[in-house]
Amino acid sequence: MKKRLSEPKEASLEPLARILARLEDPSQVKRLLESLLTSTEQREIASRWQLVQLLAKGVSQREIASMLGVSLCKITRGSRELKGEDSPLRLALALEGGEDGLS
């Protein structure tokens, strides 16, 4: 029987966040994410980002649920995250140039 390596006590996103912050070419970030994530995980992240963009444009939660086929729970979480003054989602939208009225 193979001996199993012990699990890390807590997985941290810190190292990955530092790497992503240093990558200047969006195609490198995309390639890294494609290497790390399954196609299902990639679709899930892309869908969550799309719902944030739609929320920022003022599309109703029910309409987003219908358009994207996602649960109201996920949309509500995105909406709640957008409401914070120091929301990283608001910052990301601003960096993307699509925040329209969120400042």
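Report the residue count in the stretch 46-70 for those that are of a type in the set (Lys, Arg) and under 22 Å from residue 30 (Cβ atoms).
Looking only at the stretch 46-70, we keep the residues that are of a type in the set (Lys, Arg), and these are 48, 57, 62.
Checking which are under 22 Å from residue 30 (Cβ atoms) leaves us with 48.
Counting residues in the stretch 46-70 that are of a type in the set (Lys, Arg) and under 22 Å from residue 30 (Cβ atoms) gives 1.
Checking the condition loosely packed, with under 11 Cβ neighbours inside 10 Å and under 16 Å from the mean Cα position of the chain (by Cα), which residue from 47, 39, 35 passes?
Details: 47 fails: loosely packed, with under 11 Cβ neighbours inside 10 Å; 35 fails: under 16 Å from the mean Cα position of the chain (by Cα).
From the options 47, 39, 35, the qualifying one is 39.
Among what's in the stretch 58-76 and is within 22 Å of residue 94 (Cα to Cα) and loosely packed, with under 14 Cβ neighbours inside 10 Å, pick the residue that is nearest to the chain's Cα centre (by Cα). Don't jump to the end; show me each part of the working.
Step one: of the stretch 58-76, the residues within 22 Å of residue 94 (Cα to Cα) are 58-61, 64, 74-76.
From what's left, loosely packed, with under 14 Cβ neighbours inside 10 Å: 58, 60, 76.
Working: 58: 19, 60: 19, 76: 14 Å.
Here the answer is 76.
Within the set of pairs 6+ apart or on separate chains, which have a first residue in the stretch 12-38 that is under 20 Å from residue 95 (Cβ atoms), a second that is of a type outside the set (A, V, I, L, M, F, W, C) and surrounded by 10 or more Cβ atoms within 10 Å (Cβ to Cβ), and C-beta atoms under 7 Å apart?
Pairs that qualify, where the first residue is under 20 Å from residue 95 (Cβ atoms) and the partner is of a type outside the set (A, V, I, L, M, F, W, C) and surrounded by 10 or more Cβ atoms within 10 Å (Cβ to Cβ), are 33/42.
What do you reckon, is residue 43 in a helix (DSSP H, G or I), of a type in the set (Lys, Arg) and out of contact with any helix residue (DSSP H, G or I) (no Cβ under 9 Å at 6 or more places or on another chain)?
Working: in a helix (DSSP H, G or I): yes; of a type in the set (Lys, Arg): yes; out of contact with any helix residue (DSSP H, G or I) (no Cβ under 9 Å at 6 or more places or on another chain): yes.
Against the criterion (in a helix (DSSP H, G or I), of a type in the set (Lys, Arg) and out of contact with any helix residue (DSSP H, G or I) (no Cβ under 9 Å at 6 or more places or on another chain)), residue 43 qualifies.
No lab work stands behind these numbers, since they all come straight from the coordinates. These figures come from a predicted structure and were not determined experimentally. Counting neighbours? That spans all protein chains shown, and the Cβs are built from the backbone with ideal geometry, glycine included.
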